[in-house]
Amino acid sequence: DTGKTAIGFNAPEAYELLGLGEFAGSEGCRFLLNLEVDSRAEVDRLVPVAEAAGARLLMAPYETYYHWYQAVLLDPEGNVFRINHML
């Protein structure tokens, strides 16, 4: 965690929580990049920007049980990233 970005390695239980069930197992997504932003509005603003750049939206912005507002996306090469705001 750099204060601006955190690199996370998914526990097996995290795949379903993040809408990544199709990537669970010994192949596929092994990490995700968290992009921290300053507000919920910034999450909402950046999702269509990411999609226009070729990202695939897996989970539209939502509030998690751990009090983050986030969207889950795949970049054009299949890497997972989240746009987050910690509430």
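Rolling a 1.4 angstrom probe over the protein heavy atoms, how many square angstrom per residue are accessible across the chain?
60 Å²
Which residues make up the longest stretch of the chain clear of chymotrypsin sites (Phe, Trp or Tyr not before Pro) that lie in a DSSP loop with no more than 15 other Cβ atoms within 10 Å, not counting the sites?
Answer from the scan: 32-64.
Given Cα pairs under 8 Å that are at least 6 residues apart, what percent is the relative contact order of the chain?
Worked out over the chain, it gives 29 percent.
Quick check: pseudo-label points 7 Å beyond the Cα along Cα→Cβ at A24 and R56, how many nm apart are they?
1.9 nm
T64 to E77: extension gain in nm, 0.36 nm per residue of separation minus the Cα-Cα distance?
That pair, T64 and E77, stretches by 2.1 nm at full extension.
Match the structure shown to one of the listed values (i) -0.32, -0.74, -1.32, -1.41; (ii) -0.57, -0.78, -1.07, -1.11; (iii) -0.45, -0.96, -1.26, -1.27 of log10 I(q)/I(0) by the Debye sum over Cα atoms at q = 0.12, 0.18, 0.24, 0.25 Å⁻¹, computed from it, and give that label.
Matching the structure shown: (i).
Need one number: % antiparallel among DSSP beta bridges in the chain, to the nearest 5.
75 percent
What's the angle, to the nearest 10 degrees (0 to 90), between helix 40-52's Cα axis and the longest principal axis of the chain?
60 degrees
Looking at the chain, identify the longest residue range that excludes and avoids all GluC sites (Glu not before Pro) in DSSP loops having at most 12 other Cβ atoms within 10 Å.
Between the exposed loop sites, the longest stretch runs 28-76.
At a 1.4 Å probe, what is the % contribution of carbon and sulfur to the accessible area of the chain?
57 percent
The values are calculated or read from the model by the stated rules, or taken from the named source; none is laboratory data. What you see is a predicted model; the values in this text were computed from it and never measured. Every residue, glycine as well, gets a Cβ built from its backbone with ideal geometry; the counts of neighbours run over all protein chains shown. For the accessible areas, the whole protein counts, side chains as well, though only heavy atoms, and no ligand, DNA or RNA atoms are used. Shrake-Rupley method; radii C 1.70, N 1.55, O 1.52, S 1.80 Å.
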